[in-house]
Amino acid sequence: MDTRGLEQMLSTLRSTAIQAGAAKPAESGATAGTDFAQVLKSSIDQVNNAQKQATQMAENLAAGDSEQNLHEVMVALQTASISFQEMVQVRNRLVSAYQDVMNMQV
């Protein structure tokens, strides 16, 4: 059994966890030097790359490429779909938080 799809998904999860850990404030009370916009952009880029790769794998499978395994293609497509759904939920939370801040009375 080929586990490249699972290893790729684990790698993506690990890199996201590392980025999230880097975005937390340091224990000394100082804020970390990570820019929120940069973390958000890199996360969007990762989702975009996952979707592009999954689409390419599906196209290769449909074209009859003997190197592509149906299982790997389905795992890649589901990983891309879940990543996109997660990104949409984060966007929804950010919009909601923005609206809450804008509706605050000072």
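Bear in mind that the values in this text are calculations on the coordinates, not laboratory data. Treat the numbers as computed from the prediction; the structure is a model and nothing was measured.
Structural remarks
- Extension reserve of the Ala63-Arg91 stretch, reckoned as 0.36 nm per residue once the Cα distance is removed: 6.6 nm
- Cα shape, the stretch 49-93, gyration tensor, a/c 1.5 rule: prolate
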